[in-house]
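Data block below; observations after.
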Amino acid sequence: MSRSPGLWLVGAALVPVPMETSIMTNLTDTQAVLLSSAAQREGGSLLPLPASLKPGGGATKALDALVTRGLAEERETSDPAATRRTEGEQRFGLFLTAAGAAAIGVLPPGADQQNAGNDKPPVQAPGTAAKSPSKMVMVLDLLRRPGGATLAELIAVTGWLPHTTRAALTGLRKKGHAVERGKRGDATCYSVAVQ
């Protein structure tokens with residue numbers, strides 16, 4: 001059975017990634033938002049939190065889970081906005097790992113985009129099934145690109161019917177994402193601000 005490639009936002013470009021190379025682990029919506037926003041930042045910092053996430057227990061728990069699973073790592077930083085904790089004069093932040101980027105189906109920040117399709121897929125532990133990336137993660141990635149996405153583009157990537165796609169946009173709004181509607185030529189487009 002042949003799988004069609006997925007389209008993933010890397011920087012400002014939409015890059016095709018074969019499904020076999022993008023192993024999506026079970027992520028909560030909060031974890032997926034954190035990893036996705038980190039993948040779009042230079043350096044891959046998970047902090048500061050995206051505006052769609054409220055600081056508190058849920059975000060803190062999600063950050064801790066990402067570190068525990070090896071999808072994020074703590075490193076020294078000089079950026080005050082990216083600081084999670086301090087030890088004396090040293091500041092430490094959380095950053096996306098290669099495993100974290102693979103979990104959402106994107107290249108890690110700074111990775112060579114030309115060699116994206118040439119790498120072998122990561123080896124999976126026996127007994128774990130490879131999952132395709134969440135359609136909601138794909139929708140969020142499309143909405144975050146410059147110019148957003150039209151309803152037709154969202155339908156083409158997800159395979160959903162128009163009413164299902166509109167319901168998904170409503171669901172994103174209810175989860176705190178600032179989904180905005182605008183125009184691109186004659187077409188209505190939807191976008192979410194990149195944090």
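Is it the case that segment 122-136 has a residue that's in contact with a strand residue (DSSP E or B) (Cβ under 9 Å, 6 or more places away or on another chain), polar (S, T, N, Q) and at pLDDT 85 or above? No, there is no match, as no residue in segment 122-136 is in contact with a strand residue (DSSP E or B) (Cβ under 9 Å, 6 or more places away or on another chain), polar (S, T, N, Q) and at pLDDT 85 or above.
When you look at A51, is it within 23 Å of L143 (Cβ to Cβ), of a type outside the set (D, E, K, R) and either part of a loop (DSSP other than H, G, I, E, B) or in contact with a strand residue (DSSP E or B) (Cβ under 8 Å, 6 or more places away or on another chain) (or both), yes or no? When the stated conditions are applied, A51 passes them.
Is one or more of the residues making up segment 9-24 crowded, with 21+ Cβ neighbours inside 10 Å, at pLDDT below 55 and among the small types (G, A, S)? Within segment 9-24 (the criterion being crowded, with 21+ Cβ neighbours inside 10 Å, at pLDDT below 55 and among the small types (G, A, S)), the answer is yes, since at least one residue qualifies. The residue of segment 161-188 that is most open to solvent (accessible area, probe 1.4 Å), among those that are touching a residue at least 24 places away in the same chain (Cβ under 8 Å) and more than 20 Å from the chain's Cα centre (by Cα), is R184. Taken over segment 62-97, the criterion of being in a strand (DSSP E or B) and of a type in the set (G, A, S) is satisfied by A72, G93. Quick check on segment 34-73: of everything there that is free of Cβ contacts under 8 Å to residues at least 12 places away in the same chain and of a type in the set (S, T, N, Q), which residue is least open to solvent (accessible area, probe 1.4 Å)? Here the residue is T60. Can you confirm whether Q90 is out of contact with any Cys (no Cβ under 6 Å at 6 or more places or on another chain), more than 28 Å from V179 (Cα to Cα) and modelled with pLDDT under 85? The answer is no for Q90.
The values are calculated or read from the model by the stated rules, or taken from the named source; none is laboratory data. The structure presented is a predicted model; accordingly, all values stated were derived computationally and were not measured. Virtual Cβ from ideal backbone geometry, glycine too; neighbours counted across all protein chains shown. Only protein heavy atoms, including side chains, enter the accessible area calculation; ligands, DNA and RNA are left aside. Shrake-Rupley method; radii C 1.70, N 1.55, O 1.52, S 1.80 Å.
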